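The structure appears right after this line, and notes come after that.
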Amino acid sequence: MPTAPHADSCSANVPDAAGRFGKFGGRFVPETLVHALDLLAAEYDAARQDASFQAELDELLKNYVGRASPLYFAKRLTEHCGGAEIWLKREDLNHTGAHKINNTIGQALLTLRMGKKRVIAETGAGQHGVATATACAHFGLDCVVYMGEEDIRRQAPNVFSMKLLGAEVRPVTSGSRTLRDAINEAMRDWMSSVESTHYILGSVVGPHPFPRIVRDFQSVIGRETIQQCRERFQCLPEVVVACVGGGSNAAGMFYPFVEHSDVALVGVEAGGRGNQPGDHASPLTYGSPGVLHGSFSYVMQDEDGQTCDVHSMSAGLDYPGVGPEHSYWKETGRVDYTSCTDKDAMNAFDALARLEGILPALESSHAIAKAMEIASQRSSSDRVAVCLSGRGDKDAAEIARLKNDITT
Amino acid sequence: MSAIDQLFIKLRNENRKALMPFVTAGDPDLDFTAAVIKELVARGASMCEVGIPYSDPIADGPVIQASYTRALDQGIKLAAILETLGKVTPQISAPLVTMVSYAIIYRHGLEKYADQLNQRGIAGMIVPDLPVEESPSLAKVCKARDLSLIQLVTPTTPKDRALKITETSSGFLYYVSVAGITGERTELPPELLERVGWLREQTPLPVCIGFGISQPEHVKRLAPVADGLIVGSAIVRRMANVAKSDRASTLQEVGDYVATLLEALE
Ligand SMILES: Cc1ncc(COP(=O)(O)O)c(C=O)c1O
């Protein structure tokens, strides 16, 4: 795979003070929220300079989350593909089973610093909801999670877990009853509760400073991967692959690699059932720049700027927008964005289950599928590192339901 | 000078206050929107705010959200809304402003959107998701066309920031009564009078209060400290009755309701 054409113009030194990644990002929210976002940005800046904050975060990531997560050589999967080596960054082995907890622990610590006692969150796949409920239980914070009714149906095990963890799950019945509507509802809650409540946004989306904060907390994935690659095979991988919903696991995996311009970065969006509008959730592939949820970024929208309905079998990728830094990486050419259909993701799920004994999340299966394709086209001396963002237990029932529809 | 500037000069000279109803465009269709606007102006509304339906309105409560959803489900398009408003403006004596998400303005192009408002005789826009930091390009476009870009100040806005907003807003300042989303409220915050009073001393711009206002008592209490009052959900909720009742009686009901608020304004 060739190195991206304009990789030089891509800076790791983003966003600027206004939250801009190139022309993307910013803050398109009601005035009611602006002061809270300013305070959050200031608190985060202070925390970053504070060694004790960093020490507390590191301690929790190590002893509570279970980091560092392993970098695992998928030998049989590699043999099956017959090309480059496939290495899995095992975020599925974190406490709560996905990368989401890297962010929620960090933001829960910020919540405490700001003296707030109540937390709200949105969730799609339920992984961010569970990770938020977990962090809140750990720190003794009140927790309300907004979740679309369709996602409550298809990710039922996570709904139950959130309740066991003491969170209140509020079903969202507006719009497409998925992640996008859950974010709307969480924002509306925050409009009234902003003085006492922190909104732990679960991906690199939303108004500044969220895309930056979430990227930074997730960057532990890429930093560890770089270190582990150097320990295991004394160089960096040729290609790094991650799935992109809002884009947090991908941003966390990619960001530390951005300055290593000889490493190709590949983001995989949900290709759903096909490339017609409404059949996929691939704004970077098929969308255009616009405003959604407080940020200027690629989005699936109609000619009036109304957000379009999207589709993915995977609740965590079923979102019409994407984080602004991904739009920036797309426009600078630093990252290649592509998409993977429901069907190919399902096949990758099966392959990883049968060949490696790992049930990946449906979200992560999109990255696995693309990594298998890339590996099979490259020589055996190359290495492809994939972010295995979460485990698939939550999806078992939905997969049973979908199997006949999707796999051939 | 925009039509809104002229309106407030006149009102201030006459020592009167503005009542500004909000209606959702296209709920259930544009004919009804046009009829309601004409009725409300005939009853004495000084200005009308027209909500452009948007798919993801985070500042709106259930009543306005639902009206946007109904309108969008009918396939409402911006071009058709502006065309209808363009037919209404020559027939009424009060200025119209659009309440519109930046997502929609950006998609159409800032200049194109502003040009269309001008062509249709619409006086300006309120963009609820465009804070002052992101507003300079649109403010410039509006200024060049004598359109008002009405900006919002809220209970969570610090005073120094409020001053900055007064400098770039035009037409009037929209003071949001509560930290929260649109929707009728029985109680309004006790600090409201004082906050609006302070703001009005800082700026020559008219200050209008919106969000939560629904009862004649609210109007009586707030009118003395403000230049105008904005009423949204209480009207949109009554307009929604058209689904169960007929147009003429819904129009009458909405008109009578606004008349009770206008009485309280005197
Ligand atoms: C396991 C897993 N991977 C990926 C995602 C997609 O989110 P993001 O793109 O922010 O990583 C989710 C979201 O719920 C998830 O649960």
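The values are calculated or read from the model by the stated rules, or taken from the named source; none is laboratory data. Note that this is a predicted model, so its numbers are computed, not measured. Ideal geometry is used to build each Cβ from the backbone, glycine not excepted, and the neighbour counts take in all protein chains shown. Surface areas here come from the heavy atoms of the whole protein model, side chains and all, with no ligands, DNA or RNA. Shrake-Rupley method; radii C 1.70, N 1.55, O 1.52, S 1.80 Å.
Using a cutoff of 8 angstrom between alpha carbon atoms and counting only pairs six or more residues apart, the relative contact order for chain B works out to 23 percent.
Among the residues of the range B:126-163, those with an accessible-area drop of 20 Å² or more from chain alone to full protein complex, heavy atoms and 1.4 Å probe, are B:P128, B:D129, B:P131, B:E134, B:T154, B:T156, B:P158, B:R161. Under conditions of 20 °C and 1.002 mPa s, the range B:3-265 yields 118 µm² s⁻¹ as its translational diffusion coefficient, taking Rh as the Kirkwood radius over Cα pairs in the Stokes-Einstein equation. In chain A, excluding the sites themselves, the longest stretch lacking any of the GluC sites (Glu not before Pro) that are in a DSSP loop with at most 14 other Cβ atoms within 10 Å is A:1-194. Scanning the protein assembly as shown for cysteines with no neighbouring cysteine C-beta under 4.7 angstrom from their C-beta gives A:C10, A:C81, A:C229, A:C235, A:C243, A:C308, A:C340, A:C387, B:C48, B:C142, B:C208.
Solvent-accessible surface, computed for protein heavy atoms with a probe of 1.4 Å, shrinks by 30 Å² or more for the following residues of the range B:57-80 when the other protein chains are added to the isolated chain: B:I58, B:Q65, B:K77. Applying 1/(1 + (r/R0)^6) with r as the Cβ-Cβ distance of B:R247 and B:D146 and R0 = 30 angstrom yields a FRET efficiency of 0.30.
Listed by chain and number, the aspartates and glutamates whose alpha-carbon sits under 15 Å from that of B:K10, ignoring those within fewer than 8 places in the same chain, are B:D227. Surface exposure of the range B:90-182, expressed per residue as accessible area with a 1.4 Å probe, stands at 35 Å². Residues whose amide H comes within less than 5 Å of that of A:R170, counting only those at least five positions distant or on another chain, are A:V145, A:Y146, A:M147 (H built at 1.01 Å from N in the peptide plane).
Across chain A, the mean sequence separation of Cα contacts (distance under 8 Å, 6 or more residues apart), normalised by length, yields a relative contact order of 22 percent. When the residues A:C81, B:C142 are ordered by accessible surface, computed with a 1.4 Å probe over the protein chains alone, the sequence from largest down reads A:C81, B:C142.
Backbone geometry of the range B:151-158 corresponds, through the Karplus equation with coefficients 6.51, -1.76 and 1.60 at θ = phi - 60°, to 3J(HN,Hα) couplings of 9, 10, 10, 10, x, 8, 7, x Hz, x marking Gly and Pro.
Note on the protein assembly as shown: with charges restricted to the Cβ of Lys and Arg (+1) and Asp and Glu (-1), its dipole about the Cα centre is near 280 debye.
Once you order the gyration tensor axes a ≥ b ≥ c over the Cα atoms, which shape class does the range A:303-408 get: rounded for a/c under 1.5, otherwise prolate or oblate by comparing a/b with b/c? Here the range A:303-408 falls in the oblate category. Between chains B and A, what is the buried accessible area in Å², counting both sides, with a 1.4 Å probe and ligands, DNA and RNA left out, to the nearest 100? When B and A are taken together, about 2900 Å² of accessible area is lost.
In the protein assembly as shown, a dipole from Cβ-located charges (positive for Lys and Arg, negative for Asp and Glu) runs towards its positive end, and of A:P70, A:T307, B:T33 it is A:P70 whose Cα lies farthest in that direction.
Carbon-plus-sulfur fraction of the accessible area of the protein assembly as shown, 1.4 Å probe, in percent? Whole-percent figure for carbon plus sulfur exposure: 49. Across the range B:8-15, computed HN-Hα scalar couplings (Karplus, 6.51 cos²θ - 1.76 cosθ + 1.60, θ = phi - 60°) run 6, 4, 4, 4, 5, 4, 8, 6 Hz from first to last residue, x flagging Gly and Pro. Do any of B:K159/B:K220; B:K87/B:K112; B:K38/B:K220; A:K89/A:K370; B:K140/B:K164 go past 23 Å between their Cα atoms, and which? The answer is B:K159/B:K220; B:K38/B:K220. Excluding ligands, DNA and RNA, the accessible surface per residue across the range A:259-408 is 32 Å² with a 1.4 Å probe.
Backbone amide hydrogens, once placed in the peptide plane, bring B:T98 within less than 5 Å of B:V50, B:G124, B:M125, B:I126, excluding anything fewer than 5 places away on its chain.
Shape of the range B:53-146 from the C-alpha gyration tensor: oblate (a/c of 1.5 or more and a/b not above b/c, with a ≥ b ≥ c the square roots of its eigenvalues).
Here A:K163 is the anchor, and the aspartates and glutamates within straight C-alpha reach of less than 16 Å, apart from those fewer than 8 places off in the same chain, are A:E122, A:D142, A:E149, A:D151. Taking all protein chains as they are arranged and a probe of 1.4 Å, the heavy atoms of A:T332 leave approximately 10 Å² accessible to solvent. Based on Cα atoms of the range A:4-127, Rg over Rh with Rh as the Kirkwood radius reads 1.05.
In the protein assembly as shown, taking the dipole from charged Cβ atoms about the Cα centre, the farthest positive-side position among A:S9, B:G212, A:G19 is held by B:G212.
Distance between Cα centroids, the range A:13-80 to the range A:219-234: provide it in whole Å. Here the answer is 18 Å between Cα centres.
Extending 7 Å from Cα along the Cβ direction at A:L164 and again at A:E149 yields two label points whose distance is 2.7 nm. Inter-part distance, the range B:56-85 to the range A:236-294, computed on C-alpha centroids, equals 31 Å. In terms of its C-alpha gyration tensor, the range B:112-249 has an oblate overall shape, because the principal axis ratio a/c (a ≥ b ≥ c, square roots of the eigenvalues) is not below 1.5 and a/b does not outweigh b/c.
Rounded to the nearest 500, the 222 nm mean residue ellipticity of the protein assembly as shown from helices alone is -13500 deg cm²/dmol, with -39,500 (n - 2.57) taken per DSSP H run of at least 4 residues.
The figure for B:I230 is an accessible area of roughly 10 square angstrom, using a 1.4 Å probe on the protein chains alone. Within a straight-line Cα-Cα reach of under 17 Å, A:K330 can be paired with the following aspartates and glutamates, leaving aside sequence neighbours fewer than 8 residues apart in one chain: A:D8, A:E259, A:D262, A:E269. Its Cα centre serving as origin, the range B:3-265 has a Cβ charge dipole (Lys and Arg +1, Asp and Glu -1) of approximately 340 debye. Over the protein assembly as shown, the alpha carbon radius of gyration divided by the compact-protein estimate 2.2 N^0.38 Å works out to 1.00. Rounded to the nearest whole Hz, the Karplus-based 3J(HN,Hα) values (6.51 cos²θ - 1.76 cosθ + 1.60, θ = phi - 60°) of the range B:19-36 follow the sequence 10, 10, x, 10, 10, 7, 6, x, 10, x, 7, 6, 4, 5, 4, 4, 5, 5, with x at glycine and proline.
Give me the percent of DSSP beta bridges within the protein assembly as shown that run antiparallel, rounded to the nearest 5. Given both bridge residues lie in the protein assembly as shown, the antiparallel proportion sits at roughly 20 percent.
Toward the positive end of the charge dipole of the protein assembly as shown, with +1 on the Cβ of Lys and Arg and -1 on the Cβ of Asp and Glu, the farthest Cα among A:N249, A:L37, A:A84 is that of A:L37.
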